[in-house]
Amino acid sequence: MASTSRGEALALPRVQCPNHPEAILVEDYRAGDMICPECGLVVGDRVIDVGSEWRTFSNEKALKDPSRVGDAQNPLLNGGDLTTMISKGTGAASFDEFGNSKYQNRRTMSSSDRAMLNAFKEISTMADRINLPRNIVDRTNNLFKQVYEQKSLKGRANDAIASACLYIACRQEGVPRTFKEICAVSRISKKEIGRCFKLILKALETSVDLITTGDFMSRFCSNLGLPKQVQMAATFIARKAVELDLVPGRSPISVAAAAIYMASQASAEKKTQKEIGDIAGVADVTIRQSYRLIYPRAAELFPPDFKFDTPVDKLPQL
């Protein structure tokens, strides 16, 4: 018999030899036994091997590699890893005399699991299009599962809920994306994503941090190909403009775009409003409106060590 350590209540039971509790057990993979090396006692039998079930043969390397039996476990689905999928038969033995397939997949997956699986695929596709890491995909999947099981957004399209969950996950993970960026990779309108966003926050009783100009600055400048000096100057300008309350009521994205425009115009790497607007997802007129608010005090906004290619008094007035 195997004795177990009575440690923490939540800890898993520890398999050990009753006569030699400190001995490191030896696992016999062929027999599935755990053996004490000191006395030879079989402490545990029929131990499940959690390794990969490799079965690639030499003549199958050019074909699809059936390296595992079954799909990877998905903890978000109810028994989703226990289903068996039978591929479509091609030989004569696969069909009966009426032409119907003899071997068919049993519909063991529930409709709710099927809907969640489709939503998870859509989330993964959207995340791949805008190069989001795996941790954001996992958080989005969890958010979608909570919303779906609560049924608090009944009547809303699952794609809209998934897009809103992706937007929330990006905000919560500190890498926010704009509504327009989420719209660009989904088939849902900005208005519908915004509605679902508010409903999800209310249903889950959660919140997201307020976005700031610094959240977008490095990504926008990198996509525009601007050097580090211009990026640092744009970050300084945007932060200073907010501190001096020069841009009340303006969105952080439009302020960031205006700061990038001002910093680039003062440097050798000049960018037009259209180039910045295409990257930031804002209209040229929006950039101009924010720029006009910060232009009168431009001399106070630049960092002291900034190397001007164009003096402040020569900057465009718009």
- Take the solvent-accessible surface of the protein heavy atoms, probe 1.4 Å, and return the percent of it on the range 111-204 that carbon and sulfur atoms account for. 47
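Quick one: ranking 148, 291, 29 by accessible area, 1.4 Å probe, largest first, what do you get? Before the final figure, lay out each step's value.
Working: 148 65, 291 0, 29 160 Å².
So the residues, ranked largest to smallest area, are 29, 148, 291.
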- Note on the structure: In whole Hz, the Karplus estimates of ³J(HN,Hα) for the range 241-254 (6.51, -1.76, 1.60; θ = phi - 60°; x where Gly or Pro) are 5, 5, 5, 7, 6, 8, 10, x, x, 8, 6, x, 5, 5
- Taking the alpha-carbon centroid of each part, what is the distance from the range 164-228 to the range 109-125 in angstrom? 22
- Message: Could you derive backbone 3J(HN,Hα) for the range 36-41 from the dihedral phi with the Karplus parameters 6.51, -1.76 and 1.60 (θ = phi - 60°), listing whole Hz in sequence and x where the residue is Gly or Pro?
- Response: 7, x, 7, 10, x, 5
- Item | Where Rh is the Kirkwood radius over Cα pairs, Rg/Rh for the range 183-268 | 1.08
- Task: Order the peptides 30-40, 220-230 from the highest to the lowest mean number of other Cβ atoms within 10 Å of their residues.
- Result: 220-230, 30-40
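Would you tally the net charge around residue 179, using a Cβ to Cβ cut-off of less than 10 Å, leaving residue 179 out, and scoring K and R as +1, D and E as -1? Show your work: numbers first, answer last.
On the way: positive: 177, 180, 190, 191; negative: 181.
Summing Lys/Arg as +1 and Asp/Glu as -1 gives +3.
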- 5 angstrom amide H check on residue 43, placed H, neighbours 5+ away: 34, 35, 36
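Please tell me which of these pairs span more than 21 angstrom C-alpha to C-alpha: 154/190; 228/271; 191/274? Please report the intermediate quantities before stating the final value.
On the way: 154/190 19 Å; 228/271 15 Å; 191/274 24 Å.
Exceeds cut-off: 191/274.
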- Task: Provide the net charge surrounding residue 227, with neighbours chosen by a C-beta distance below 13 Å and charges set as Lys +1, Arg +1, Asp -1, Glu -1.
- Result: +2
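Please compute the per residue accessible area over the range 111-204 with all protein chains in place, 1.4 Å probe, rounded to a whole number of Å². Don't skip to the answer; put the middle values down first.
Details: 4580 Å² over 94 residues.
So the range 111-204 comes to 49 Å² accessible per residue, rounded to a whole number.
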- Applied in sequence order to the range 129-139, the curve 6.51 cos²θ - 1.76 cosθ + 1.60 (Karplus, θ = phi - 60°) yields integer Hz couplings, x standing for Gly and Pro, of 5, 10, 6, 8, x, 5, 5, 6, 4, 4, 5
- Query: Along the positive direction of the dipole of the range 111-204 (beta-carbon charges: Lys, Arg +1; Asp, Glu -1; about the Cα centre), which of 153, 176, 117 reaches farthest?
  - Reply: 153
- Got a number for carbon plus sulfur as a percent of the range 213-314's accessible area, 1.4 Å probe? 51
- Query: What residues qualify as long-range amide H neighbours of residue 16, i.e. H under 5 Å apart, gap of 5 or more or another chain, H built at 1.01 Å from N?
  - Reply: 3
- Item | Environment charge at residue 160 (Cβ cut-off 13 Å; Lys +1, Arg +1, Asp -1, Glu -1) | +4
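Looking at the range 132-227, which GluC sites (Glu not before Pro) are DSSP coil and have at most 13 other C-beta atoms within 10 Å of their C-beta? Please list the in-between numbers first.
Details: sites: 149, 173, 181, 192, 205; in loops: 173, 205.
Answer in residue order: 205.
The values are calculated or read from the model by the stated rules, or taken from the named source; none is laboratory data. Values in this document were obtained by computation on a predicted structure and should not be read as measured data. No Cβ is skipped: glycine too gets one built from the backbone with ideal geometry, and neighbour counts run over all protein chains shown. When the accessible area is computed, the model is the full protein with side chains, heavy atoms only, and any ligands, DNA or RNA have been set aside. Shrake-Rupley method; radii C 1.70, N 1.55, O 1.52, S 1.80 Å.
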